[in-house]
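Novice: This is the structure, below, for whatever I ask next.
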Amino acid sequence: MVTEILSQLDGLIASIQTNLYVDVVQPVLFHTHLMDYDEDIYDALYWVIVAVFEIVVTYAVLRPLEALRPIERWSDRKSVRADVWYTWIAKLGIVNMLFFVFLQPFFNHLETWMQVHNVWNVNLDEMWPGVTDQPVVSFLLYLVALDFAGYWYHRWQHRFGVWWELHAVHHSQRQMSLWNDDRNHFVDDVIQAAFLAALALLIGVQPGQFVVLVAISNGLQSVQHVNARLRYGWMLERLIVSPTFHRRHHAMEYGHTGTAYGCNFGVLLPWWDMLFKTASWDRSVEPTGITDQLAGAAGPGRAYGEGVWAQQWLALERIYVRVRRAVRRAPATEAA
Ligand SMILES: [Zn+2]
Ligand SMILES: [Zn+2]
């Protein structure tokens, strides 16, 4: 049934793609003398439509919930604006494009090198012939494997100072909403894409499956950030990461304090948090954000930037300060 729905969706998108191309894009390409790129642009158009579709559906489902049953009421929604930009940038695949341009040649080499040198790679779907090669089973296997990797990636984002400064872009949003998920540092996005792609290559995920895995993961992660009271119930909450569970991760002091402590790192499945004892099921609503954003005795709170570029730039500045401090400290420790 799932395959049928997917193929119908694919047909619908393909027909929009053709119409849009013939009526709008082709004439523009023709007039701007860019017809050399027509095939690439035609292919890219498919993914643009998928992205628009994804954003529209997410908005149509989640926005009414936010309006009807908000967890937090805000006097204005100004700070959400940057997150809307992040969502369009990420969903339209602009970051992925950077990844492909810079890293795809490297991955192609890696793949050939692995084949030539017969490097060990596990194909999870070949583990148990007759069972794990069933499409549904292999799909779930890959989902669990990639999610396990995602859990550790997220823990490292909180564990290492330089990495935390990149991830702080995500946590500096104090008004969590359906748009919050894609608010990330672009450098971190590229590292994450490379990490997951390398792993996918190693465990033998088919490219077609990888795209669906990423799409499912994206959809569920938008739900996790929604500013709406959504109760998953005891059982479901332990099966997949709920908005309550992820909101706890964003809670100041409770979910994380920069690199020192943290809970609820799970991306889609809370199982790893349960296994490695980092799960918190506390449902109390706490302010979200990073503690040093609050004004205190030491002065006004730290600014993480209002707009996309300010947020991106300030993260690099914080990294510079951190690295410079570490370099200055290093000789002193050596001497001692
Ligand atoms: Zn985090
Ligand atoms: Zn989050």
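Novice: Between Asn264 and residues 5 or more places away or on another chain, which pairs have amide H atoms under 5 Å apart, with H built 1.01 Å from N, and which residues are they?
Specialist: Correct list: Ala279, Ser280.
Novice: Using Cα atoms only, what is the angle between the long axis of helix 94-116 and the major principal axis of the chain, expressed in degrees (0 to 90) to the nearest 10?
Specialist: For helix 94-116, the angle is close to 70 degrees.
Novice: So what's the back-of-envelope 222 nm ellipticity for the chain, counting only DSSP H runs of four-plus at -39500 (n - 2.57) apiece and dividing by all residues, rounded to 500?
Specialist: Mean residue ellipticity at 222 nm (helix-derived): -21000 deg cm²/dmol.
Novice: Ok, one more. From Cα pairs below 8 angstrom and at least 6 apart in sequence, can you work out the relative contact order of the chain, rounded to a whole percent?
Specialist: 19 percent
Novice: Angle between the Cα long axis of helix 161-171 and the longest principal axis of the chain, 0 to 90 degrees, nearest 10?
Specialist: The two axes meet at around 70 degrees.
Novice: Additional query: Nearest 0.05, what FRET efficiency do Glu72 and Val131 give at R0 = 45 Å with Cβ-Cβ as r?
Specialist: After rounding to 0.05, the efficiency reads 0.45.
Novice: Using the Cα centre of segment 22-93 as the reference point, and only Cβ charges (+1 on K/R, -1 on D/E), how large is the resulting charge dipole? Debye, rounded to the nearest 20.
Specialist: 740 debye
Novice: On C-alpha positions alone, give me the angle between the axis of helix 186-203 and the longest principal axis of the chain, in degrees, nearest 10.
Specialist: Taking Cα atoms only, the helix is inclined about 60 degrees.
Novice: Taking K and R as +1 and D and E as -1, what net charge do the other residues with C-beta under 12 Å from the C-beta of Ser222 add up to?
Specialist: So the surrounding residues net to -2.
Novice: Return the FRET efficiency for the residue pair Arg325, Val24: r is the Cβ-Cβ distance, R0 is 51 Å, and the value is rounded to the nearest 0.05.
Specialist: E between Arg325 and Val24, to the nearest 0.05, is 0.45.
Novice: Specify whether the C-alpha gyration tensor of segment 185-336 places it in the rounded, prolate or oblate class, a ≥ b ≥ c being the square roots of the eigenvalues: rounded for a/c under 1.5, otherwise prolate if a/b is larger than b/c and oblate if not.
Specialist: oblate
Novice: For the chain, rounded, prolate or oblate, judged on the Cα gyration tensor with a ≥ b ≥ c (square roots of eigenvalues), a/c < 1.5 rounded, else prolate if a/b > b/c?
Specialist: rounded
Novice: Give the distance, in whole Å, between the Cα centre of segment 33-73 and the Cα centre of segment 225-262.
Specialist: 26 Å
Novice: Accessible area per residue, 1.4 Å probe, Å², for the chain: what's the number?
Specialist: For the chain, the solvent-accessible area averages 57 Å² per residue.
Novice: Taking the Cα centre of segment 123-252 as origin, work out the dipole magnitude from +1 charges on Lys and Arg Cβ and -1 charges on Asp and Glu Cβ, in debye rounded to 20.
Specialist: In total the dipole reaches around 720 debye.
The values are calculated or read from the model by the stated rules, or taken from the named source; none is laboratory data. Only a predicted model underlies this, so the values are computations on that prediction, with no experimental measurement involved. Here the Cβ is made from the backbone with ideal geometry for all residues, glycine too, and neighbour counts use every protein chain on show. For accessibility, only protein heavy atoms count, side chains too; no ligands or nucleic acids. Shrake-Rupley method; radii C 1.70, N 1.55, O 1.52, S 1.80 Å.
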